[in-house]
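Since the structure comes first, as structure tokens, the remarks are kept for the end.
The values are calculated or read from the model by the stated rules, or taken from the named source; none is laboratory data. In this text, all values refer to a predicted model and were calculated from it rather than measured experimentally. Every residue, glycine as well, gets a Cβ built from its backbone with ideal geometry; the counts of neighbours run over all protein chains shown. Heavy atoms of the whole protein, side chains included, go into the accessibility calculation; ligands, DNA and RNA do not. Shrake-Rupley method; radii C 1.70, N 1.55, O 1.52, S 1.80 Å.
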Amino acid sequence: MPYPENRDFQELLDDLAFALANKQPFAVYRKPNETRVKAVFQDNNAFNLALDFDERGFVFAPFDWQDNAVLIQADKVVTSSFEAASRLVREVDELSETGKQPFLELVQKGVTQIKQGDLKKVVLSRKIDLEFHQSPLEVFHRLLENYAKAFCYLFHHPKVGIWCGATPETLVHIAKGELKTMSLAATLPYLEGAQPQWGSKEIEEQEMVSGYILEQLSEIANGLEMKAVKSSKAGNLWHLKSEISGKLQSSTSIKDVVKALHPTPAVCGIPAKEAKEFIQRHEGYPRTFYTGFLGELNLEETFSASLFVNLRCMEIEAGKASVFVGGGITSASDTEKEWTETQNKSKTLLNILQFVSH
């Protein structure tokens, strides 16, 4: 097990630039509310998969996860301290209305299907493509500066591509036989000095998600506890959040836990199988790694994981950045409000891209 090397942050950025230029796989990230940035480097560009989840490194899994989670082997681990300066990005002046009508129609299809009784909730999304020519490292640096409470990351593998994001949602933390997860649902814009005013649609959505997660974990964990629902700020948005914890049964593997939780109702829907089928039939584009999961696997100790849901993320290709946004649809959804919610969510990354590009 290689001992983590410590670097100055600029030295770490130089290491990452070298790895990018030489097509070397890596993942660099900072956990929520921490100042330590960690990078996992793989010595070769082999395409490895996490099959049993007893592997060691950084895992990057797609929404449609079927033993195809990419693994960056931890051949070298580097850490660095990062203290955010106070420079925050400015909000995007004007958001594009491109793609509005198809998204409204998609949401209406979802509402209709729910009212017919097949679904209780379905999460529907869209992709925003933008011209982009800057360094992914600059984007990652600005994510660190602006989103201290999120899991900020940059992932690179020459056979997969480049992804980065600032996600507010934990999939699961596993250590010493215990698990911690969260139920995250509902969205309202953050307004300076004002507390969020949650309506019945948001409260019902949160209760639905919490109930589903508790049910999924009930067969593999004991002593499950859920804390009271709180309003949680993520960037320029509010969400409703409940923290859930429990003790794993002795026969439960990390993979068992991930199977029980992914895809969460926050990214797919309820029931999961029917929601996933609806998404893949009607959404109109392949999500690939958007709404998948990512994070540490057995990195600091055996039988441990620190995994996050891949939200508020984007894929960076030559000359282009693709930003992904979505929202939970229930029988009470209003199509215009759902569009506005995705517009608000898009600002998390569009603000950063605007700043980096100017």
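Six or more apart or on different chains, Cβ atoms under 7 Å: show the pairs whose first residue is in segment 259-274 and on the phi > 0 side of the Ramachandran plot and whose second is open to solvent by less than 20 Å² (accessible area, probe 1.4 Å).
G269/L119; G269/K121; G269/V122; G269/V123; G269/A275
I'm trying to understand the selection: among the residues of segment 249-261, which are under 21 Å from E169 (Cβ atoms) and open to solvent by 20 Å² or more (accessible area, probe 1.4 Å)?
Within segment 249-261, K255, D256, K259 qualify.
Can you pull out the residues in segment 183-233 that are assigned to a strand (DSSP E or B), of a type in the set (A, V, I, L, M, F, W, C) and surrounded by 21 or more Cβ atoms within 10 Å (Cβ to Cβ)?
Across segment 183-233, the qualifying residues are L184, A185, A186, A221.
Within the set of pairs 6 or more residues apart or between chains, which connect a residue that is of a type in the set (D, E, K, R) inside segment 198-224 to a residue that is outside any loop (DSSP other than H, G, I, E, B) and open to solvent by less than 50 Å² (accessible area, probe 1.4 Å) with Cβ atoms less than 7 Å apart?
Final answer for the pair search is E202/A186; E202/L240; E205/K121; E205/A185; E205/A186; E205/G328.
Only residues that are in contact with a strand residue (DSSP E or B) (Cβ under 7 Å, 6 or more places away or on another chain) and more than 17 Å from S210 (Cβ to Cβ): list them for segment 222-234, please.
Once the filter is applied, which keeps residues that are in contact with a strand residue (DSSP E or B) (Cβ under 7 Å, 6 or more places away or on another chain) and more than 17 Å from S210 (Cβ to Cβ), segment 222-234 yields only N222.
Quick check on my filter: what residues within segment 119-149 are out of contact with any Lys or Arg (no Cβ under 8 Å at 6 or more places or on another chain), within 30 Å of E274 (Cβ to Cβ) and either aliphatic (A, V, I, L, M) or open to solvent by less than 80 Å² (accessible area, probe 1.4 Å) (or both)?
Result: L119, K121, V122, V123, L124, R126, I128.
Give the residue, chosen from N68, N22, N44, N33, that is modelled with pLDDT of 95 or more and under 30 Å from S125 (Cα atoms).
N68
I'm trying to understand the selection: among the residues of segment 273-308, which are open to solvent by 20 Å² or more (accessible area, probe 1.4 Å) and either assigned to a strand (DSSP E or B) or touching a Phe, Trp or Tyr at 6+ places or on another chain (Cβ under 8 Å) (or both)?
Within segment 273-308, T288, F289 qualify.
I'm checking my understanding of the structure. Among residues of segment 270-322 that are in contact with a helix residue (DSSP H, G or I) (Cβ under 7 Å, 6 or more places away or on another chain) and among the β-branched types (V, I, T), which one is farthest from H133 (Cα to Cα)?
Among those residues, the one meeting the criterion is I270.
For segment 75-92, name all the residues that are in contact (Cβ under 8 Å) with a residue 12 or more places away in the chain and out of contact with any strand residue (DSSP E or B) (no Cβ under 7 Å at 6 or more places or on another chain).
First pass over segment 75-92, keeping only residues in contact (Cβ under 8 Å) with a residue 12 or more places away in the chain: 75-85, 87-92.
E83, A84, A85, R87, L88, V89, R90, E91, V92 - these are the residues of segment 75-92 that are in contact (Cβ under 8 Å) with a residue 12 or more places away in the chain and out of contact with any strand residue (DSSP E or B) (no Cβ under 7 Å at 6 or more places or on another chain).
Determine whether T112 is outside any loop (DSSP other than H, G, I, E, B), touching a Pro at 6+ places or on another chain (Cβ under 7 Å) and either at negative phi or β-branched (V, I, T) (or both).
no
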